[in-house]
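Take a look at the structure below.
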Amino acid sequence: MQRVNLSTVSEFVFVGLSDAPEIRLLLFVLFLLIYLATMAGNITLLVAISTNSHLHSPMYFLLGNLSLLDLLCPTITVPKMLGALLLEHKKISFSGCLFQHFFLIAVVGTEIFLLTVMAYDRYVALCHPLRYLSIMSTKLCAQLAVGTWATGLLNSLLHTSLVFTLSFCGPNKIQQYYCDIPPVLALSCSSTHSRELVTLVVAGVLGSSACVVTVVSYIYILLEILAKNSPGIWHKAFSTCGSHLTVVCLFYGTTICTYVRPSFTYSPHRDRVVSMLYGMLTPLLNPIIYSLRNKEVKCALKSMIGYVRRAL
């Protein structure tokens, strides 16, 4: 039987972050600066990776994909939020909310899987250094990257279809600054129990699988370090894995707190803060973390800045 969307709600209204004009202006300036800094940092990192031949390796190919995701994630939500803060354009159409939800979940899911692939890449680099380039071949890297994007899109398609085929016939105020799963589900006048259960199970299985692969990769890395116990092995391991491990803890912690839990624990104020961490802060910090902890990236950035100065 064909499912018919019985929605009578044609648009949603974001509650926003604040109704006080002076606070709205301050938040607008703050989030605009964060957004511009995020764009500048990730674009710079992408340019450095693509133009410097020393960074044409599997690790930096995956890092380039991460920077692209960090460009997309805030771009999906922040411009609409800035418009709401400055111009009070708090409304979004039903279809606009659907597409925003789809692309955001796709980007978040893809980033989770990509960080898992990056953990495997670090395992190969430390545990099988002589076979690294043969294992992490160009073909395998391309397949892994395409796989993460495809899995993220399919995962998002499932979640979006589960949420937006519900009926929305009552309140239309979203307790968030973008269309996210928990606040949109809270507005449905249909029974959401089965949809929430499927969403929780799928997110739990995929999220826990990604976490398991990441943890197992780092367990093997730790065992390799303990087995060799050479003087410089700890420094090499920390310089190789420190940036990725920092990003993983920051991103996984915030996304799991947001999605892998039942809806009755949803708290608009708390979730608004948590969503800003992975939606705005993490994309801002990722290029900074990788730039500060990686000598090759720092050298590439210095040479790029020097080239720009000479050109000017």
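The values are calculated or read from the model by the stated rules, or taken from the named source; none is laboratory data. None of these values were measured; they are calculated from a predicted model. We place every Cβ from the backbone using ideal geometry, glycine too, and count neighbours over all the protein chains shown. Heavy atoms of the whole protein, side chains included, go into the accessibility calculation; ligands, DNA and RNA do not. Shrake-Rupley method; radii C 1.70, N 1.55, O 1.52, S 1.80 Å.
Pairs needed: first member in region 27-53, within 18 Å of residue 79 (Cα to Cα); second member anywhere, outside any helix (DSSP H, G or I) and open to solvent by 30 Å² or more (accessible area, probe 1.4 Å); C-beta distance under 9 Å; at least 6 residues apart or different chains.
Sorted first by the residue in region 27-53, then by its partner, the pairs are 27/17; 31/17.
Could you name every one of the helices (runs of 4 or more DSSP H) located completely within region 46-136 that has at least 1 residues being among the hydrophobic types (A, V, I, L, M, F, W, C) and open to solvent by less than 20 Å² (accessible area, probe 1.4 Å)?
Details: elements: 58-87, 94-127, 132-135.
Counting at least 1 such residues, we get 58-87, 94-127.
From the list 264, 251, exactly one residue is modelled with pLDDT under 80, open to solvent by 80 Å² or more (accessible area, probe 1.4 Å), of a type outside the set (S, T, N, Q) and part of a helix (DSSP H, G or I). Which is it?
Values: 251 fails: open to solvent by 80 Å² or more (accessible area, probe 1.4 Å).
Step by step, each of 264, 251 is checked, and only 264 is modelled with pLDDT under 80, open to solvent by 80 Å² or more (accessible area, probe 1.4 Å), of a type outside the set (S, T, N, Q) and part of a helix (DSSP H, G or I).
Before we move on, is residue 166 surrounded by fewer than 16 Cβ atoms within 10 Å (Cβ to Cβ), hydrophobic (A, V, I, L, M, F, W, C) and under 21 Å from residue 103 (Cβ atoms)? Show your work before the answer.
Numbers: surrounded by fewer than 16 Cβ atoms within 10 Å (Cβ to Cβ): no; hydrophobic (A, V, I, L, M, F, W, C): yes; under 21 Å from residue 103 (Cβ atoms): yes.
No: the conditions fail for residue 166.
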